Amino acid sequence: MLRHAVFAVVALTGLGAQTICASAASPPQAEAAQANSPISQSRTIGSWTVRCYRTQGSVCDLSQIAFERQQNLRVLGVSIAFLPDKNLYTGRFVVPLLVSFAKGMTIEIGAFQLPNLKFRRCERDGCYVEGVLPPQMIAAMSQSAPAKGTIKVAAVNGKIVTIPIALDGFADGLAQMKQWDSQKGAPSSAAP
């Protein structure tokens, strides 16, 4: 646990001078495990990956992971799902440990801002904000401009850390996810 906390401190305190990259692809060691994966189909579109899972019914999400390149540390995980029967979106955002719970997290996409989102829990892989996403946020992310949004969190040392969210491919990925979700059950064969 201490090892994860040390990495999180390095990630949170060193982001100002480091390069952050968004990635829809998983690390190489995870690719070897795909044969036994619960994922029935996935497709990368821009900086986003649409995934459908082998479960009863239709369960798909649109995800992105951002890494700090020099240390290959994950600094952001985003997963967005559409619930067609309720016509709403849910989201899960994961940031490194050692964030300030009191200050929460802020998402900014162009002029759209969703401030002071509360962390629900922290686990070994980071701290989570989860819940229903407003349609205005999905609309802002789907527009062609801006090319990226940001997530801002306060570290326990008071430093504000800004993590970019790449938006290239989001609108097309969202359409693909909704198409797969609308099919009877999740697709069972991989897309080319």
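Among the residues of region 51-91, the one identified as in a loop (DSSP other than H, G, I, E, B), among the charged types (D, E, K, R) and either surrounded by 13 or more Cβ atoms within 10 Å (Cβ to Cβ) or under 14 Å from the mean Cα position of the chain (by Cα) (or both) is R54. Applying the criterion of being in a strand (DSSP E or B) and within 16 Å of the chain's Cα centre (by Cα) to the residues of region 95-120, the residue that is nearest to L76 (Cα to Cα) is V95.
Taking the residues in region 30-50 that are assigned to a helix (DSSP H, G or I) and within 19 Å of the chain's Cα centre (by Cα) as candidates, determine which candidate is modelled with the lowest pLDDT. Out of the qualifying residues, it is A30. Just the residues that are assigned to a loop (DSSP other than H, G, I, E, B) and at pLDDT 95 or above, please, taken from region 129-145. Residue satisfying the conditions is P134 alone. Scanning for something within 26 Å of T44 (Cβ to Cβ) and touching a Leu at 6+ places or on another chain (Cβ under 9 Å), does region 156-163 turn up at least one residue? Taking every residue of region 156-163 in turn, at least one turns out to be within 26 Å of T44 (Cβ to Cβ) and touching a Leu at 6+ places or on another chain (Cβ under 9 Å). Selection within region 146-187: residues that are aliphatic (A, V, I, L, M), over 30 Å from A102 (Cβ atoms) and under 19 Å from the mean Cα position of the chain (by Cα). The member of this set that is modelled with the lowest pLDDT is A147.
The values are calculated or read from the model by the stated rules, or taken from the named source; none is laboratory data. In this text the structure is predicted, and so the values were computed from the model without any measurement. Glycine gets a Cβ as well: all are built from the backbone with ideal geometry, and neighbour counts include every protein chain shown.
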